[in-house]
Amino acid sequence: MSAHAEAHGHAGEHHGPPTANRSSRIDATTLGMLLFIGSEAMLFGSFFAAYFFVRVVNPIAPAHWPPAPFHFPIFVAGVNTVILVTSSFTMHWALQSIKRGDRAGLKAGLVSTIALGLAFLLTQGIEYAHVGFNPGDGAFASAFFGLTGLHGAHVLIGLTLLTIAAVRAFRGHYTPEHHHGVELPGIYWHFVDVMWIVVYVTVYLL
Amino acid sequence: MTTAAQHEHDTPQAFEPFGPRARGFLLRAGWIRATWCTALFFLVGMFIVVGSRAIFDMHPVYNWTIITLTGALTMAPLGFLTGIGAFDYWFYWISGRPTREEDHSGHGAKAWPDYFRINTDHKVIGVQYTVTTFFFFVIGGLMAMLFRAELAQPGLQFFSSQTFNGLVSMHAVLMIFLFIIPAFAGLANFVVPLMLGAPDMAFPRLNALSFWLLPIAGVMFMSSFLAPGGPFAAGWTGYAPLSVDSPVGSMFFNMGVQWAGASSILTALNFLVTIITMRAPGMTFWRMPLLVWANFTTSLLVVIATPFIAGSQFFVMFDRVLHTSFFVPAHGGYVLGYQHIFWFYSHPAVYIMMLPGFGIVSEVVSTMSRKPIFGYRLMALSFIGILILGFSVWAHHMFVAGMADWLRVPMMISTLLIAVPTGIKVFSWLATLWEGKIRLTTPMLWALGFISMFVIGGLSGIFLGSVPIDIHASDTYFIVAHIHYVLFGGSVFTIFAGVYYWFPKVTGRMYNERLGQLHFWLTFVSFNVTFFPMHYIGLRGMPRRVFDYSNQFGSLNMIISVASFVLGVSTVIFFYNMITSWTRGPIASSNPWGAHTLEWQVSSPPPIFNFDEIPVVVGGPYEYGVPGARHAILHSAPAAEEVHA
Amino acid sequence: MRRGSIVRILGLTVVFAAVQAVVAVAFKWLPTSASRQMDRITFVYWFATVICIAIFALVMAVIVYSVWQFRAQPDDESDGLPIHGHTGLEIGWTIVPAILVIAIGVVSAIVLSQNGRAGTNPLHVNVTAQQFEWSFAYPDNKNLKSHELVLLVNRSTRLDFEALDVIHSFWVPEFGQKQDAVPGIHTHLVVTPTRTGHFTLICTELCGLGHATMRAAVSVVDAAGFAAWIKKQQSGVGSGGSAAFVSGGCGGCHAFKPAGSAGQIGPGLDNLEADAKKAGQPLADYVKQAIVDPNAYLVPGFQKGVMPTTFGQSLSPQQIDALVKYLTGTA
Ligand code: HEA
Ligand code: HEA
Ligand code: CUA
Ligand SMILES: [Cu+2]
């Protein structure tokens, strides 16, 4: 390693750092991603808290959810749930493919995951347009748009990560040994997926 | 250094995301690129807003509130980070071109300009952090001087009430979000990897990004004074609905908190990963210095709690910009929701602002008494105790807020119980002093000053934890006294202790001991004269956050204001000492305190990559007085050890 | 050595405790109580104070004694005794503070529940808080409205709070009790005054630019005085201009010689004619507008949103007319 660094023209004064001791079996980037997801889960937690205050704690909480003239599109969102759950499987497929060295499978898996994610966002956009109320229509709408919107933003982040992975995959990166760049967005994507199921159940079904 | 990218490289290649360096000064990462990128990103943000409003036929097309939010408070900072070069490596990596070998060109500082660029060396970042945060300490302190001048007499003398409230709010926000929290992160940045026997943090580039997020937050807070309608003025707690209805300036607070919060979350992630995965061989959890334990628990608090303040500020912004009704009771909103969410972060935040200080004091007390920390394991476990209890007490800030009555007593009991792990710490420090060989150096003075002042602050916290007393004392100057005894007498004293203690390590020079002692005593006395009478005027009937008060408190407030100016002047001694010692002070040896922890076993300042070889840890960190005990073996450094023994 | 040092530590502790006790007793840290609740709060306060004095004295004694006794000589480079811990001590200083704080907790909880009890026949008062004024209604007395809070001595009172705009907080230092008034939520508080006199109600929650001035007068009277006050209010004697000036809290912000007020947040009101001329309006109209719709015209050098916009509703038309006459000197 240090020989390598010297070859870069910093000979003498610069040498590379000594290789750090690995004091845990868990990989650093994976741990970082898991902690980040923990933090993200808490962000969702604050939105769930706001939802809970509006719907349960508030002395003037509406008796029906959503209040009288409004309805949540349970069916459309259910279809969306299926889309997102499917995308978790295609993500898994992509990862398994590269582990086997199957680059075509990796690319196909990533592309289909991205496509499903986009389909989810598109459906959600259409749902917003036809839902019949807007964020200004009361606290129930605030909670609804807050949670689904926050989730939508996370789908967008997940898609960005996946797109990066896809770009690199098409440019010939990743091998059966080294595929962190696919694995980490994958973990994030599964998190986004699980989060959606929780959002769907609490906001639409309960 | 542990990024996945490195494992995936094929051919090494020069790393220049915007083309070869010859491309010219406009494209080179740095301040020039930062300037035009900031402007460019602002315009892009503005274009997005104006464009979409035009398309969707919304009026007015130029909605300056939304343009400010999108362009100035969101896009422009991203432009700055892009321009300064925080994302260069990642952009390159994203583009998928062949990975290049790390050449460490962004690591270390050879001359002062290296402190003004993206630098991935944890030691440089530590210095960047610490210096930046002290800058904001001065600004925040000067604001305190301004409103103390106003408060010297009853009635309104110098400011409008808007400016006064703005000064108070900004004072607290700068002190908390840009001084205490990041100053601890800065000291830990410098020290923790060294203490662990690691060559750097786990994610050096992320570390650099965390730092550069900070000045963004600071500039954003301060520029709210320029916003039309005045600065945010709803107190640092920004309670809704007041903060929702106030002028645009308060959005600078909402967004500034997001940037500062992102910075602390990223640093905390980095600390956690570093501590878990990069300890030197033999460095078990039970051999880590208590400072590392402190930062470990603090980082857990940050990662878990900080998203809640982000959430609370998002809701306020949504209510303002998207016209949602989270806190609008007429439309079904719940006003107290803000406070619950805010304090679920901000109570743990007070321990974020105290635990690292406990760590620093443990180092200083043990080294300067020449004794092992008394009850090391219980000390470490009490961090965990505070961590857990800290999440179960947030509603003690809401005893009079009108929340559910049944919450009061359980929250009171858990609040009071925090005295137990905190007391364990205090008593263990005292027992560490016992039978020691105490050296009253400046860091030790600050540490002892801290213990006595913090106990006063903690005990006034016990008064507040008792609901009936809090009902009387809440939102009075008694609270202000509590705040400053724990935050100034607590956190700031430990920061001073840490800065003096590691000054020779960081700069390679020794500070002036006499000035250090003078600084301590002047601060210690004027601090008490400033803040102790506040207990009294608070209990007697002076509410907080007022520019005018009843005449009976006039003379005491005059004393407080005068003492607070002396307190300000005492800080001048500190800065004078730091600056002159850094430039002209006597050269310090590598281990002037004779401490055992690893950072003292390398040269001062430490070598660019900390260690030539990763040391092997063979014993506890504080084995003073134990014959033949060693903390670690550094293969290549026995010579250095002998010289300075 | 051991025994000797423990005795000396205890001696120092007693000295420190004595000094603190003097500080605690020599100054009157709490306002003279004027309610049964404050009596109990004072009791908890002393209970906690005694415990805290003991703890702080012990901490200071150990620090001072150690620095004095264990300070290294300048040339002494040796280390201290390598004591790593002592299980008994560690258990001790975990258990004892736990017991002490739980004792504080139990006492506090008992007092809290007593302080929340209004008894069987409390006087009811509905309190409305808005930027930056308080108003009170007496549902037991034909919903009589007032800007001054008048309470009966030794009669427990239940105050029910309502906030119209942002959060405010009700505090009378001598009563000890405090409660936020929160928009959208009903909060309440119990106070049992124990002595007659005049007190000040202070808003303690930052509620905007006029927060510092949001105060109201509080009187505790005996039964006869209360009956007289009710009668006076109902017959409308209190609706004169000067009474409205006081009850509206105008003096908190405005200096006005006839009223003897010296507030400095708003413009002085002794030279309204000149201002009216500047604004180009007849004097009476100008003043009326300034009260009912203060943002319509801003006096140069002053900000919008400071003067409450609610006087149009909270004062009766008669009161406003009386006020205008009072301010223009035509009363
Ligand atoms: C560094 C920051 C810090 C720290 C460490 C603390 C520590 C504590 N705080 Fe404080 N607090 C603040 C910063 C901090 N606080 C701030 C900024 C506010 C105001 C926010 C605002 O509204 O703007 C606040 C407000 C605040 C309130 C709300 C008051 C109100 O608004 O009405 C309460 C109420 O319970 C409280 C309690 C406590 C308690 C019980 C502790 C405990 O952790 C203290 C424990 C320590 C000790 C007790 C001393 C050592 C112990 C011993 C020697 C053992 C023996 C002791 C006993 C047996 C008692 N604090
Ligand atoms: C770490 C946190 C911290 C620190 C260090 C301080 C430091 C100081 N604070 Fe404050 N303060 C808070 C945190 C802090 N504060 C918080 C959280 C609040 C609550 C806000 C709210 O209600 O929302 C608060 C509120 C607060 C109030 C109550 C305001 C109100 O309710 O109306 C007051 C009043 O006196 C005050 C005073 C001071 C003073 C005099 C100092 C001094 O110690 C400052 C000394 C330092 C300097 C002065 C800087 C260095 C000076 C120089 C380099 C020289 C120049 C000086 C001169 C020429 C004189 N602070
Ligand atoms: Cu109302 Cu402060
Ligand atoms: Cu707290």
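Listed values, structure above:
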item: Whole-percent carbon and sulfur share, accessible surface of chain C, 1.4 Å; result: 61
item: Heavy-atom accessible area order for C:Tyr138, A:Tyr51, largest first, 1.4 Å probe; result: A:Tyr51, C:Tyr138
item: Given charges at Cβ of Lys, Arg, Asp, Glu: region C:123-234 dipole, positive-most of C:Val166, C:Pro193, C:Ala212; result: C:Pro193
item: In nm, spacing of pseudo-spin labels at C:Ile83 and A:Val201 (7 Å Cα→C-beta vector); result: 5.5
item: Mean separation of Cα contacts under 8 Å (6+ apart) over length of chain C, as relative contact order %; result: 13
item: Cα-based shape type of region C:241-328, given that a ≥ b ≥ c are square roots of the gyration tensor eigenvalues and the cut on a/c is 1.5; result: rounded
item: Eligible lysines near B:Lys425 by straight Cα distance, threshold 25 Å, same-chain separation 8 or greater; result: B:Lys371, B:Lys437
item: Rounded Å value of the spacing that divides the Cα centres of region A:157-206 and region C:95-144; result: 53
item: Extension gain from C:Ala103 to C:Gln69, taking 0.36 nm per residue of separation minus the Cα-Cα distance; result: 8.8 nm
item: Degrees between helix C:36-69 axis and first principal axis of chain C (Cα, 0 to 90, nearest 10); result: 40
item: Point-charge dipole on Cβ atoms (K/R +1, D/E -1) for region B:122-584, about Cα centre, debye to 20; result: 1260
item: Separation in nanometres of the label points that stand 7 Å from Cα toward Cβ, at B:Trp90 and B:Phe225; result: 3.2
item: Sequence of B:Arg408, B:Arg514 from largest to smallest accessible area, 1.4 Å probe; result: B:Arg514, B:Arg408
item: Solvent-accessible area buried by pairing C with A, both sides, nearest 100 square angstrom, 1.4 angstrom probe; result: 100
item: Solvent exposure of the protein assembly as shown as accessible area per residue, Å², 1.4 Å probe; result: 37
item: Range in chain C, longest, excluding exposed trypsin sites (Lys or Arg not before Pro) [loop by DSSP; at most 16 other beta-carbon atoms within 10 Å]; result: C:196-303
item: Nearest-0.05 FRET efficiency for A:Val76 and B:Gln153, computed from C-beta distance (R0 56 Å); result: 0.30
item: Degrees, to the nearest 10: A:28-52 long Cα axis against longest axis of chain A; result: 10
item: Rounded, prolate or oblate (a/c below 1.5 giving rounded, otherwise prolate when a/b exceeds b/c) for region B:122-584 by Cα gyration tensor; result: rounded
item: Distance in nm between pseudo-label sites at C:Arg8 and B:Leu40 (7 Å out along the Cβ direction from Cα); result: 7.2
item: Degrees, to the nearest 10: C:283-292 long Cα axis against longest axis of chain C; result: 40
item: Nearest-10 value in Å² for the accessible area of C:His84, using the 1.4 Å probe; result: 90
item: Cross-link partners of C:Lys278 among lysines (Cα-Cα below 29 Å; sequence separation of 8 or more within a chain); result: C:Lys257, C:Lys288, C:Lys304, C:Lys325
item: Lys, Arg +1 and Asp, Glu -1 on Cβ, resulting dipole of region B:416-517 about Cα centre, debye, nearest 20; result: 520
item: Reduction of at least 20 Å² in accessible surface, 1.4 Å probe, comparing all protein chains with the chain by itself, residues of region B:496-541; result: B:Phe532, B:Tyr536, B:Leu539, B:Arg540, B:Gly541
item: Cα-based shape type of the protein assembly as shown, given that a ≥ b ≥ c are square roots of the gyration tensor eigenvalues and the cut on a/c is 1.5; result: oblate
item: Taking chain B and dividing mean pair separation by its residue count, relative contact order in percent (alpha carbons under 8 Å, at least six apart); result: 13
item: Separation of alpha-carbon centers, region B:201-224 and region B:405-446, rounded to whole Å; result: 32
item: Förster radius 60 Å - calculated FRET efficiency between B:Met145 and A:Phe89 (Cβ-Cβ, nearest 0.05); result: 0.45
item: Size of electric dipole in region C:123-234: Cβ of Lys, Arg +1 and of Asp, Glu -1, about Cα centre, debye, nearest 20; result: 400
item: Value of [θ]222 nm, deg cm²/dmol, for chain B, DSSP H segments ≥ 4, -39500 (n - 2.57) each, nearest 500; result: -19500 deg cm²/dmol
item: Proximal lysines to A:Lys99, defined as alpha-carbon separation beneath 23 angstrom and excluding residues fewer than eight positions away on the same chain; result: A:Lys107
item: Over region C:115-228, relative contact order from alpha-carbon pairs under 8 Å, at least 6 apart, %; result: 29
item: Theoretical FRET efficiency, 1/(1+(r/R0)^6), r = Cβ-Cβ of A:Ser24 and B:Val616, R0 22 Å, to 0.05; result: 0.80
item: Sequence of B:Trp434, C:Trp68, B:Trp600 from largest to smallest accessible area, 1.4 Å probe; result: C:Trp68, B:Trp434, B:Trp600
item: Gain in span if fully extended, B:Val566 to B:Glu513, counting 0.36 nm per residue against the direct Cα distance; result: 17.0 nm
item: Where GluC sites (Glu not before Pro) in DSSP loops with at most 13 other Cβ within 10 Å are excluded, longest remaining stretch of chain A; result: A:14-176
item: Cβ neighbours within 10 Å from other chains - mean over B:241-251; result: 3
item: C:Glu148 accessible area, 1.4 Å probe, all protein chains in place, Å² to nearest 10; result: 60
item: Accessible surface buried upon A-B contact (total; probe 1.4 Å; Å², nearest 100); result: 4900
item: With every protein chain in place, region B:122-584: carbon and sulfur % of accessible area (1.4 Å); result: 75
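The values are calculated or read from the model by the stated rules, or taken from the named source; none is laboratory data. All of these numbers come straight from a predicted model, not from anything done at the bench. For neighbour counting, all protein chains shown are included, and Cβ atoms are generated from backbone atoms with ideal geometry for every residue, glycine included. These area figures cover heavy atoms from the full protein model, side chains too; ligands, DNA and RNA do not enter into them. Shrake-Rupley method; radii C 1.70, N 1.55, O 1.52, S 1.80 Å.
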